[in-house]
Amino acid sequence: MASKINRKIAIRNSRNIGALWRRHTFLFRNLYRLLRRRYRAFQKRDAVIGQFSVKKPSSSVGSLDLNRWCFVTDLLRPEDWDDLKSSWPSTWEFDPVKRRETQKIYDTGFRCMEGEFPPRIDRYPNLFATYQLFSSSEFANQISELCADGVKRTCYHIVSNVSWWGSSLVPHTDTFREDDLDAKFHINLIYFVDSNGTGWDSGGTAVLSDSSYDKPIFIPTNLNNSALVYRSYDLLHGFPSVKFGKFRKAITAHFRPI
Ligand SMILES: [Fe+2]
């Protein structure tokens, strides 16, 4: 759920030619992808689950303590990142953007809720290993270390997504229940796995100062093995339409206090 949305920007984003093409071919794409998945379901294979380990990011900009966000590079070990990137699932493994979608225009898949791993993820051992890493207490502790607030956290939600020409994320804040006293301690991590561009050309999710793209506070440039980590409560974020010929693949993970 998203709050503080500027409807005009959402409509403008959804009318980008690349987005229109994807949205209006939803039915065809969805049918094709469901059939592909069903066909592949008969081709059983044993997956060997890799083991990715926690490492300290190489460098960071911003501060989760002072700015409520930070950007880290080299999140995974280079060899793990290479494995993940080269074995990323095919497009048909992701649900296509729906026809009426105007706020989050990209494909999503492999949704993991409360530690319950999604079906078919065992076919992608490196993606599975990344999900297991993000779900581990060691990784959650590292996030809390970045926050420097002494709050212990757990990862409760992970989802992968693929962005393409015309993809966008309208500026918004995440929505919490009014009586959720833990809301201020929630952390989102957007792990940029792979892209062929930098910054807003390729869908670098930015931290924004208002509900437009006019006054960005921080736009990530390196979208390869890097991550934007932010306190999702009341912090505006989003990215404008991805440029023609550009893409980015990402995994988003959400953490809350325990
Ligand atoms: Fe969000």
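Quick note: the coordinates plus some simple rules give every number you see, no bench work behind them. Note that the structure is predicted; figures quoted are calculated from it, not measured. So basically every Cβ, Gly included, is an ideal-geometry build from the backbone, and we count neighbours across all protein chains shown.
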**OP:** Taking 7 Å along the Cα-to-C-beta vector as the label spot, tell me the S212-L31 distance in nanometres, rounded to one decimal.
**Re:** 4.3 nm
**OP:** For the range 84-163, report the convex hull volume of the alpha-carbon atoms normalised per residue, in Å³, without decimals.
**Re:** 124 Å³
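For the range 2-257, give the magnitude of the charge dipole about the Cα centre (Cβ charges: +1 Lys/Arg, -1 Asp/Glu; no others), in debye to the nearest 20.
1380 debye
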Original post:
Is it possible to state the helix-based mean residue ellipticity at 222 nm for the chain, with each DSSP H run of 4+ residues giving -39500 (n - 2.57), the sum divided by total residues, to the nearest 500 deg cm²/dmol? What is it?
Top reply: -7500 deg cm²/dmol
Original post:
What nm value, rounded to one decimal, do you get for the distance between K85 and R12 when each label is placed 7 Å out toward the C-beta?
Top reply: 3.3 nm
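Looking at the P(r) of the range 128-245, how many percent of alpha-carbon pairs lie beyond 21 Å?
Details: 2958 of 6903 pairs.
I get 43 percent for the Cα pairs in the range 128-245 exceeding 21 Å.
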Subject >> For the range 148-163, 3J(HN,Hα) per residue [Karplus equation, 6.51 cos²θ - 1.76 cosθ + 1.60, θ = phi - 60°, Hz, x = Gly/Pro] >> reply: 6, 10, x, 8, 7, 10, 9, 8, 10, 7, 9, 8, 9, 8, 10, 10
**OP:** Using per-residue counts of other Cβ atoms within 10 Å, averaged over each peptide, order 133-144, 178-189 from highest down.
**Re:** 133-144, 178-189
Original post:
Shape of the range 2-257 from its Cα gyration tensor (a ≥ b ≥ c, root eigenvalues): rounded if a/c is under 1.5, otherwise prolate when a/b > b/c, or oblate?
Top reply: oblate
**OP:** Work out, in µm²/s and without decimals, the Stokes-Einstein translational diffusion coefficient of the range 148-210 at 20 °C, 1.002 mPa s, Rh from Kirkwood over C-alpha pairs.
**Re:** 146 µm²/s
Original post:
What ranking, highest mean first, results for peptides 211-222, 95-106, 232-243 when packing means the other Cβ atoms within 10 Å averaged over each residue?
Top reply: 232-243, 95-106, 211-222
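Give, in nm to one decimal, the length gained when the segment between L181 and S53 is fully stretched (0.36 nm per residue of separation minus the Cα-Cα distance). It would help to have the intermediate numbers written out before the result.
On the way: separation 128, 0.36 × 128 = 46.08 nm, distance 3.21 nm.
Using 0.36 nm per residue and subtracting the Cα-Cα distance, I get 42.9 nm.
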Original post:
Quick one: Karplus J couplings for the range 67-77, per residue in order, coefficients 6.51, -1.76, 1.60, θ = phi - 60°, nearest Hz, x for Gly and Pro?
Top reply: 9, 6, 8, 8, 10, 10, 10, 6, 5, 9, 4
Original post:
Fewest to most neighbouring Cβ within 10 Å: what's the order for R256, R231?
Top reply: R256, R231
